[in-house]
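Before any comments, here is the structure.
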Amino acid sequence: MQYHDRLGLSEARFAELREHFETRTYRGREYEYLPDYRSDLNRGVVLIGDDIVDGFPKVPRTLVIEEGVPRHFEGEIAIEEKLDGFNVRVARVGDDPAAEPLGFTRSGIVCPFTTYKARELLPVESFFADHPDMMLCGEMVGPENPYTSHDYSGVDSLAFRVFDVRDRETGDSVPVPDRRDLCASYDIPQVPFHGIHTPEEVVAELPGLIGDLDDAGGEGVVMKSLDVRQQLKYTTSAANQDDLAFAFSLPFDYGQSFMFRRLIREAFQSVEFAEDDGERRDRAHDLGESILLPMTEAIGRIDDGETVGEPHTARAPPGVIDDLVAHFEDLGLTIRIEADRTEDGERVVEFLKETRSTNDKIRSYLDGHIVRE
């Protein structure tokens, strides 16, 4: 059966969509991936040899719990914590049972660092020996993270937390209760679980849970029907403000596209949670700090002759770090190694992903160039 049949597409439609795929190689193995969402396919779909690795679907968001939850769900809802990391799919492709499972990023690119860490952190050999057609979907979280660094209690370096197990080709999910039992049977760590509830219970209890996660600096929750056919996410104010602070530390690369969506979330949450004038002013104050302070710090650093960007730390054997740096450079990123050391036989690098737009524009404005609006 050809790709288009297996993807449920006509031959003509698949030919149209294939023009949007990009081609890369990993250790001499060529594959195609879809870097953006299209109406018929998820972002990150991969075609590799005779195999298909489905992408991960967009999860919609509600801005109002009381109306959005019962409108979106009819039956029982599983609530799991949304973690601040980078989205990864781990799958074994090909007919060789000894083949290395590959780690795919959200856009469908095979990452050498993620592929190595998946084998280090997960029982991939035993899991894929028993379930060769499945893929593990999760978040890589922790401070030593080359994509999105965030501190989590009990995670000193990097950890993998599964939030879904899907058929590699069709994308069909294992139901939440079955998936949690399945992963537990292999000692595969999962995202925190907050129980199964009716829509009415979620409406009543979710604001309190969000408040607790907010106080702890948590990201939010993902609500799922038990068969995972319906999903809905809701984030904390802490997550919104952390996103804004990050974006406005690099304002000409991320700031403008980040701002409106997150301000809207904050406004709706403030109204739904019935904040009084004092609470709302505190939220406004915190939002203002999230936007202005990182931006002024970036301007000051560039004025002092420094370069700004995304700082990260990664820990792995020396060859894996070499592959990671080469991988980023192959993607067109400028990487500056700021610290490089060996600990317990592993190479630990602290590096900066330089963001050219912010550096160039701030330097230009500091040099007196005018702004055309």
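What follows draws every value from the coordinates through simple rules; no lab data is involved. Note that the coordinates shown come from a computational prediction; the quantities given were computed from them, not determined experimentally. Glycine gets a Cβ as well: all are built from the backbone with ideal geometry, and neighbour counts include every protein chain shown.
A few remarks follow.
- For the range 49-98, the average shadow cast by the Cα convex hull is 6.3 nm², which is a quarter of the hull's surface.
- The convex hull around the C-alpha trace of the range 237-303, projected and averaged over every direction, spans 4.3 square nanometres.
- Mean-square fluctuations from a GNM of the chain, with a 10 angstrom spring cutoff on Cα atoms, peak among ASP214, ASP253, ASP344 at ASP344.
- Convex hull volume per residue for the chain, taking Cα atoms only, in Å³: 171
- A dipole drawn for the chain from +1 and -1 charges on Cβ atoms has a positive end, and of PRO199, MET134, LEU209 the residue lying farthest that way is MET134.
- Formal net charge of residues neighbouring GLU354 (Cβ-Cβ distance under 12 Å; K, R +1; D, E -1): -3
- Cβ charges +1 (Lys, Arg) and -1 (Asp, Glu), total dipole of the chain, debye: 880
- A Förster radius of 35 Å combined with the Cβ-Cβ distance from ASP367 to ILE337 puts the calculated FRET efficiency at roughly 0.80.
- Residues of the range 209-238 with amide N under 19 Å of a point placed 7 Å along Cα→Cβ from ALA267: 235-238
- Over every Cα atom in the range 309-354, the radius of gyration and the widest Cα-Cα span, Dmax, amount to 10.2, 31 Å.
- Around the Cα centre of the range 283-373, unit charges on the Cβ atoms of Lys, Arg, Asp and Glu (plus for the first two, minus for the last two) sum to a dipole of about 320 debye.
- Site pair GLU346 and ILE196 shows an inter-label distance of 3.7 nm when each label is modelled 7 Å from Cα along Cα→Cβ.
- Residues of type lysines that LYS82 reaches as a straight line, Cα spacing below 26 Å, ignoring anything fewer than 8 places off in the same chain: LYS58, LYS117, LYS224, LYS233, LYS353
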